[in-house]
Amino acid sequence: MRTPVAAEVKGPASYFPSIEKKYGRPIAEWKELIRTSPLTKHMELVNWLKSEHGLGHGHANALVAHTLAEDAGK
């Protein structure tokens with residue numbers, strides 16, 4: 001039986017705990033890398049995180065999607 005979670009995290013943020021555990025960097029650091037990159041397009045950023053930082057596709061995609069959505073809401 002599953003224990004109910006007060007606010008279950010969905011979407012890209014659901015990957016954040018495993019990203020921090022696997023790559024050893026806090027999410028804020030990944031977001032800062034994305035925001036300071038000269039790249040601006042979603043897939044360019046995903047491919048950059050994969051090739052330069054060794055992230056898997058799903059993790060890179062989640063970080064980029066969440067960061068770009070956050071920035072679009074500002």
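So the values come out like this:
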item: The chain: proportion of alpha-carbon pairs further apart than 19 angstrom, %; result: 33 percent
item: The chain: relative contact order in percent, alpha carbon pairs under 8 Å with at least 6 residues between; result: 36 percent
item: Residue-normalised accessible area of the chain, given per residue in Å² at a 1.4 Å probe; result: 67 Å²
item: C-alpha long axis of helix 27-36 to longest principal axis of the chain, angle in °; result: 20 degrees
item: Cα long-axis angle, helix 42-53 against the chain (0 to 90 degrees, to the nearest 10); result: 90 degrees
item: Computed magnitude of the charge dipole of the chain (debye, nearest 20; Cβ of K, R +1, Cβ of D, E -1); result: 180 debye
item: Candidates 28, 60, 13, ranked by Gaussian network fluctuation over the chain, Cα under 10 Å, top entry; result: 28
item: Net charge of neighbours whose Cβ lies under 11 Å from the Cβ of residue 15, counting Lys and Arg as +1 and Asp and Glu as -1; result: +2
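The values are calculated or read from the model by the stated rules, or taken from the named source; none is laboratory data. What you see is a predicted model, and the numbers here were worked out from it, not measured in a lab. Using ideal geometry, Cβ is built from the backbone for each residue, glycine included, and neighbour counts are taken over all protein chains shown. These accessible areas exclude ligands, DNA and RNA; they are computed on the full protein's heavy atoms, side chains included. Shrake-Rupley method; radii C 1.70, N 1.55, O 1.52, S 1.80 Å.
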